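Reading through the structure tokens given below for one structure.
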Amino acid sequence: MIGEVCLNVEEEESAICSLFNSLQEKLAERKKILLKAAQSQHAEKEKALKEQLSHLTALLPTLQVHLVTCSAFLSSANKFEFLDMGYAPVAALGVFPLAVPQRDAAGLGVRPKARLSPQRLHQGAPGRGEGNALHRALPQL
């Protein structure tokens, strides 16, 4: 009887060892598969990121030119010049519909669509400080 118990113990021990070894082999295989999948995903994402980066670097000179142009425009144009010259680029962008401004005979600037009464021409706009009627008639940006 003791001999049978010793034999069963050895069989169970060898079965447990073989099960443990097969589990370790399966875990190693699964680890390799997961590492390959992670590396391929990383490579795909890195490729996509590099493509996006190359597109952005291609756009950078254009953006720099626009930045310089806008800075020069803003530093040199006063409010009336901005309103006078700003309609064409804004309309070209199609951000919001703007009517082309009407010009007087001399082409000197923007004529507001609203007509001001003589009393309103001489009144000061509250909270706006000094300014003329044209300041008050033009839309605020």
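The values are calculated or read from the model by the stated rules, or taken from the named source; none is laboratory data. All values reported here derive from a predicted model rather than from experimental measurement. We place every Cβ from the backbone using ideal geometry, glycine too, and count neighbours over all the protein chains shown. Calculation scope for accessible area: heavy atoms of the full protein, side chains included, ligands and nucleic acids excluded. Shrake-Rupley method; radii C 1.70, N 1.55, O 1.52, S 1.80 Å.
Brief remarks on what is shown
- Rolling a 1.4 Å probe over the heavy atoms of the protein chains gives region 1-92 an accessible area of 89 Å² per residue.
- Residue order by solvent-accessible surface for Phe73, Phe20 is Phe20, Phe73, largest first, with ligands and nucleic acids left out and a 1.4 Å probe.
- Nearest-10 value in Å² for the accessible area of Glu25, using the 1.4 Å probe: 120
- Of the residues Met1, Met85, ranked by 1.4 Å probe accessible area with the largest first, the sequence reads Met1, Met85.
- Using a simple spin-label model with pseudo-atoms 7 Å out from Cα toward Cβ, Leu35 and Ala72 lie 5.8 nm apart.
- Here the extension length gained between Glu11 and Leu49 equals 8.0 nm, from 0.36 nm per residue of separation less the Cα-Cα distance.
- FRET efficiency, Leu23 to Leu63 (Cβ-Cβ, R0 35 Å, nearest 0.05): 0.05
- Sulfur and carbon atoms: percent of accessible area, region 1-79 [1.4 Å]: 66
- Beyond 21 Å, the tail of the calculated P(r) for region 1-92 holds 70 percent of the Cα pairs.
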